[in-house]
Amino acid sequence: MDAAAPEPARGPAAVSESLVASGAFVECVFHCPACGLGGTSLARPAALSDKACLGCGAPVIVTVLDRFARRG
């Protein structure tokens with residue numbers, strides 16, 4: 001008898017893993033709660049895990065708006 005298949009990942013962690021695995025660029029909005037600096041960027045999800053504010057160095061809140069697939 002085969003073991004049951006594991007349950008699929010769910011929630012924010014599953015979405016993050018999916019985006020990182022895709023290698024796609026994502027459009028992001030950054031906001032620093034410490035100093036109020038904000039902005040937008042296109043970045044690969046793997047580069048977002050430890051994003052820090054360019055103004056004060058504090059951790060930022062990142063919101064992903066859209067995903068752009070690789071061409072090729």
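The values are calculated or read from the model by the stated rules, or taken from the named source; none is laboratory data. Keep in mind that what you see is a predicted model, and the values were worked out from it rather than measured. Counting neighbours? That spans all protein chains shown, and the Cβs are built from the backbone with ideal geometry, glycine included.
Pick out the one residue from Gly36, Gly72 that is at pLDDT below 70 and part of a loop (DSSP other than H, G, I, E, B). I'd like the intermediate steps shown before the answer.
On the way: Gly36 fails: at pLDDT below 70.
Answer to the check: Gly72.
Taking the range 32-46, which residues are within 13 Å of Val64 (Cβ to Cβ), surrounded by 13 or more Cβ atoms within 10 Å (Cβ to Cβ) and either of a type outside the set (S, T, N, Q) or under 10 Å from the mean Cα position of the chain (by Cα) (or both)?
Ala43, Arg44, Pro45
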